[in-house]
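Beneath this line is the structure, given in structure tokens, with notes to follow.
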Amino acid sequence: MPNRDQTAARAHAQAQLRRGMYLLPSLFTVGNIAAGYYAILEMLSALVSSGEAHTRLDHAAIAILFAIPFDALDGRIARMTNTTSEFGKELDSLADAITFGVAPSLLAYVWGVHFLPETIRPTWWPDLRQDLVWAGGFICFVYLIGGVSRLARFNISPDAQPRNPGRPGRKYFVGMPIPAAALVVASTVHFFGAYPNQAWWVALVWMAVVGACGFLMVSTWRFWSAKEINFGRSHPFQILLVLAIVLFLILRFSQGVLFSAALLYLFSGLWARAAYSWSWRRRKRLDAASAKAANPRPGPEPDSLTDSLRP
């Protein structure tokens, strides 16, 4: 039998390993925060160096995009290694609020409305630029409030069910997750080369998109979740090949691929809601028709004896 010293040494080694396993997911969370902090610094640099604004804004967008896999990996690693903790959950929420809440809202404002030229003074709306800047700041603030509200709701109700349930047994997000909303903002800026917007009508469209992201985050509509994909199980070689192809496409054609993926995910939630509403109304009409066929309405009673005997 092992002596007492060997048992103590083994217990100490297991404790050290356990502490390291707790540290591993937190390192990914810290990387998430670092990416958000770097994005904010780049946006501040864009404000003071207008000649290099597009380069700084592109760096900020890429940093936000780079933080998305960090956010996806920290939770998965914690679950796979059975090292989840309340500290890790709270740290992850705070990291998401910075990287996917504060940073994208600032990026949306700086890229979309801050650099609008002063010459935008049409006769039919002399204060158009000023009003767009104020409206853009408010809409970006709405995005931020929607994001942090989405995080708070997720923390207090991790098993919430969407109002438009999907297939039984599958897991869905209730409302658009905040990393997906950040993906829409950052991929759009990256897709257009991060050159600051100069057109007032583009600013209007941009505010509508950012506002829609804020609304979708606090909505109760379902969005697809990749949580049913278990990387802990063995997968065939074809899955690895597909992942390698996707990674190559993202690295080689990052602008088009990321922008298309963001729009696809955004409209998937809208389509799921529309399809559920259509099927619900259809079932309601069918139920009403079935109830009417099962209980036909009786005919009118005869007004007199003559009417009852009339052929």
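A few comments on the model shown:
- Within region 41-72, being crowded, with 17+ Cβ neighbours inside 10 Å, of a type outside the set (D, E, K, R) and within 25 Å of Phe87 (Cα to Cα) holds for Ala63, Ile64, Leu65, Phe66, Ala67, Ile68, Phe70.
Every residue, every condition in (1) closer than 21 Å to Ala67 by Cβ; (2) buried (at least 18 other Cβ atoms within 10 Å of the Cβ); (3) touching a strand residue (DSSP E or B) at 6+ places or on another chain (Cβ under 6 Å), yes or no:
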residue: Ser157; (1), (2), (3): no, no, no
residue: Phe173; (1), (2), (3): yes, yes, yes
residue: Met176; (1), (2), (3): yes, yes, yes
residue: Val184; (1), (2), (3): yes, yes, no
residue: Gln198; (1), (2), (3): no, no, no
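- Only residues that are charged (D, E, K, R) and within 24 Å of Arg252 (Cβ to Cβ) were counted across region 53-84, and they come to 3.
Yes or no, residue by residue, for (1) among the hydrophobic types (A, V, I, L, M, F, W, C); (2) surrounded by 22 or more Cβ atoms within 10 Å (Cβ to Cβ); (3) touching an Asp or Glu at 6+ places or on another chain (Cβ under 6 Å):
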position	(1), (2), (3)
Ser93	no, no, no
Thr99	no, yes, no
Val113	yes, yes, no
Arg121	no, no, no
Ala135	yes, no, no
Ser187	no, yes, no
Ala194	yes, yes, yes
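- Selection from region 265-311 of residues that are at pLDDT 90 or above and among the aliphatic types (A, V, I, L, M): Leu266, Leu270
- Check on Val148, among the β-branched types (Val, Ile, Thr), without any contact (Cβ under 8 Å) to a residue 60 or more places away in the chain, surrounded by 15 or more Cβ atoms within 10 Å (Cβ to Cβ) and part of a helix (DSSP H, G or I): yes
- Looking only at residues in region 50-95 that are part of a helix (DSSP H, G or I) and of a type in the set (S, T, N, Q), the one that is modelled with the lowest pLDDT is Ser50.
- Between Gly269, Gly256, the distinction of being closer than 18 Å to Met176 by Cα, of a type in the set (Gly, Ala, Ser) and within 21 Å of the chain's Cα centre (by Cα) belongs to Gly269 only.
Quick grid of which residues meet (1) out of contact with any Ser or Thr (no Cβ under 6 Å at 6 or more places or on another chain); (2) in a helix (DSSP H, G or I); (3) small (Gly, Ala, Ser):
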| site | (1), (2), (3) |
| --- | --- |
| Pro104 | yes, yes, no |
| Ala108 | yes, yes, yes |
| Trp111 | yes, yes, no |
| Thr119 | yes, no, no |
| Pro122 | yes, no, no |
| Asp131 | yes, yes, no |
| Trp134 | yes, yes, no |
| Cys140 | no, yes, no |
| Tyr143 | no, yes, no |
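- Scanning region 154-198 for residues that are among the aromatic types (Phe, Trp, Tyr) and either at pLDDT 85 or above or under 18 Å from Ala95 (Cβ atoms) (or both) yields Phe154, Phe173, Phe191, Phe192, Tyr195.
- Residue within region 245-264 that is basic (Lys, Arg), at pLDDT below 95 and assigned to a helix (DSSP H, G or I) present: yes
The values are calculated or read from the model by the stated rules, or taken from the named source; none is laboratory data. Fair warning: this is a prediction, and the values are worked out from it, not measured in the lab. Because the Cβ atoms are built from the backbone with ideal geometry, glycine has one as well, and the counts that use them run over all protein chains shown.
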